[in-house]
Amino acid sequence: MPTSMAKRLRRIQENNDFSGTILVKEESNSLAELSFGYANRSEQIENQTGTRFGIASGCKVFIAVAICQLVDSGRLSFDSRLKDCVDFDFPNFDQEITVHHLLTHTSGIPDYFDEEIMNDYEELWRSKPMYHIRKLKDFLPLFQDRPMKSGSGTRFSYNNAGYILLGLIVEAASGQSFSEFVQNHIFNKVGMSGSGYFEFDRLPAQTAQGYIDFQDGTWKTNIYSLPAKGGSDGGAFVTVHDMVKFWEALMTYELLSPSTTERMIAAHAKVDNGDNYYGYGVWIAKNKNDEIVKYHVMGYDPGVNFHSSYYPRKSIKAVVCSNRSSGAYDMMKCIEEEFL
């Protein structure tokens with residue numbers, strides 16, 4: 001790793017007390033590989049490159065791939081309507097919502113955690129305890145009877161509930177739980193041996209606890225802040241090396257056909273007034289010449305902070321996993337300034 005890069009990353013870590021693991025690879029060459037902080041503070045077990053981290057919404061890309069695989073196999077279409085894919089009742093939803101709308105956050109459905117108006121994820125569990133949330137259907141009472149937020153296909157509005165529905169579609173089309181499908185058809189297929197959807201009350205070895213820090217210097221773990229088992233919108237754990245394997249497999253057509261891969265990573269929805277777009281489960285950044293600079297995924301939960309990017313010009317993969325609520329963005333910004 002370049003000395004300047006190591007010094008900058010360590011300086012940032014000292015300033016924001018980053019806890020987690022960083023991996024940057026170009027082809028087979030490791031450009032940066034560093035770990036900081038503790039996976040378990042009480043036992044003082046340090047984070048390592050083999051540590052499993054929760055990645056929150058970063059795993060929406062896995063569900064997008066699962067849907068695309070079902071399309072490749074002919075069991076689903078991007079134009080399939082929600083009402084034709086699942087047996088659950090959504091009395092106030094637009095009848096023309098499609099798989100494409102759900103993948104691109106343009107369905108207009110209500111979200112169980114609307115990030116445009118809510119900022120405290122823990123508020124969700126005051127009326128419905130998080131230890132009851134273990135299957136996708138457990139999320140439905142949080143949003144299925146609420147009115148539409150906007151018309152389907154009219155605008156981008158980031159939506160977690162849409163990816164819960166996509167998980168239910170995977171289950172209906174495949175006959176497997178969404179987590180089994182992702183495990184069998186994505187994680188196992190590309191050798192992501194450290195990754196999975198784990199339950200908080202039975203985490204496997206080498207899994208980082210998530211920590212929520214307070215201004216007075218105290219802290220708590222996030223076990224009472226998130227569902228007992230995360231859903232298809234944000235329940236996976238990965239290692240940094242596994243995430244690099246995923247990017248490599250996706251971009252070399254190991255997971256999907258070339259045509260479906262290109263559709264998945266196409267810029268389908270404009271996110272803001274800048275050069276940011278959304279594909280299927282992946283964010284896309286362009287430059288002023290309309291060239292794609294990076295594909296990236298990110299995740300924010302109490303005690304979880306994750307950023308990962310693929311830079312097509314140099315085939316660089318960068319992964320930053322943190323078991324605190326913040327810090328990953330600063331590390332990723334440093335990586336981009338150094339290498340790109």
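The values are calculated or read from the model by the stated rules, or taken from the named source; none is laboratory data. This one's a predicted model, so the numbers in the text were calculated from it and none came from an experiment. Positions of Cβ are generated from backbone atoms using ideal geometry, with glycine treated the same way; all protein chains shown enter the neighbour counts.
Say whether the condition of being surrounded by 14 or more Cβ atoms within 10 Å (Cβ to Cβ), in a loop (DSSP other than H, G, I, E, B) and not polar (S, T, N, Q) is met by at least one residue in the range 286-295. If you could, list the steps in order and put the result at the bottom.
From the range 286-295, those surrounded by 14 or more Cβ atoms within 10 Å (Cβ to Cβ) are 286, 292-295; that's our starting set.
The next check asks that each one be in a loop (DSSP other than H, G, I, E, B); those that pass are none.
Scanning the range 286-295, I find no residue that is surrounded by 14 or more Cβ atoms within 10 Å (Cβ to Cβ), in a loop (DSSP other than H, G, I, E, B) and not polar (S, T, N, Q), so the answer is no.
Of all residues in the range 296-340, how many are in a strand (DSSP E or B), among the β-branched types (Val, Ile, Thr) and more than 15 Å from Val61 (Cα to Cα)? Even if it seems obvious, please write down each step before you answer.
Within the range 296-340, the first condition is being in a strand (DSSP E or B), and the residues that meet it are 296-301, 304-311, 316-322, 324.
Keeping just the survivors that are among the β-branched types (Val, Ile, Thr) gives 297, 304, 316, 319-320.
Still in the list and also more than 15 Å from Val61 (Cα to Cα): 304, 316, 320.
Of the residues in that region, 3 qualify.
Of all the residues that make up the range 9-46, how many are modelled with pLDDT of 95 or more, on the phi > 0 side of the Ramachandran plot and surrounded by fewer than 13 Cβ atoms within 10 Å (Cβ to Cβ)?
Number of matching residues: 1.
Is there a residue in the range 67-74 that is free of Cβ contacts under 8 Å to residues at least 40 places away in the same chain and either more than 22 Å from the chain's Cα centre (by Cα) or on the phi < 0 side of the Ramachandran plot (or both)?
So the first thing to find is which residues in the range 67-74 are free of Cβ contacts under 8 Å to residues at least 40 places away in the same chain, and the list is 73-74.
Those still in the list that are either more than 22 Å from the chain's Cα centre (by Cα) or on the phi < 0 side of the Ramachandran plot (or both) too: 73-74.
Checked the range 67-74: at least one residue is free of Cβ contacts under 8 Å to residues at least 40 places away in the same chain and either more than 22 Å from the chain's Cα centre (by Cα) or on the phi < 0 side of the Ramachandran plot (or both).
Identify all residues within the range 172-193 that are buried (at least 22 other Cβ atoms within 10 Å of the Cβ) and either in contact with a Phe, Trp or Tyr (Cβ under 9 Å, 6 or more places away or on another chain) or among the polar types (S, T, N, Q) (or both); write none if there are none. Walk me through it before giving the result.
Going residue by residue through the range 172-193, those that are buried (at least 22 other Cβ atoms within 10 Å of the Cβ) are 178-179, 181-182, 186-187, 192.
Residues satisfying the conditions are Phe178, Ser179, Val182, Ile186, Phe187, Met192.
Suppose the filter is surrounded by 19 or more Cβ atoms within 10 Å (Cβ to Cβ), farther than 30 Å from Ser177 by Cα and of a type in the set (A, V, I, L, M); does Leu70 pass it? Show your work before the answer.
Details: surrounded by 19 or more Cβ atoms within 10 Å (Cβ to Cβ): yes; farther than 30 Å from Ser177 by Cα: no; of a type in the set (A, V, I, L, M): yes.
No: the conditions fail for Leu70.
Scanning for something closer than 25 Å to Phe113 by Cα and either without any contact (Cβ under 8 Å) to a residue 60 or more places away in the chain or surrounded by fewer than 16 Cβ atoms within 10 Å (Cβ to Cβ) (or both), does the range 256-270 turn up at least one residue?
yes
Hey, can you tell me all the residues within the range 47-62 that are touching a Gly at 6+ places or on another chain (Cβ under 8 Å) and surrounded by fewer than 17 Cβ atoms within 10 Å (Cβ to Cβ)?
Selection gives Gly50 alone.
Identify all residues within the range 130-145 that are touching a helix residue (DSSP H, G or I) at 6+ places or on another chain (Cβ under 9 Å) and either among the aliphatic types (A, V, I, L, M) or assigned to a loop (DSSP other than H, G, I, E, B) (or both); write none if there are none. Quick ask: steps written out before the conclusion?
Taking the range 130-145 as the starting set, the residues that turn out to be touching a helix residue (DSSP H, G or I) at 6+ places or on another chain (Cβ under 9 Å) are 130-133, 136-140, 142-144.
Across the range 130-145, the qualifying residues are Met130, Ile133, Leu136, Leu140, Leu142, Phe143, Gln144.
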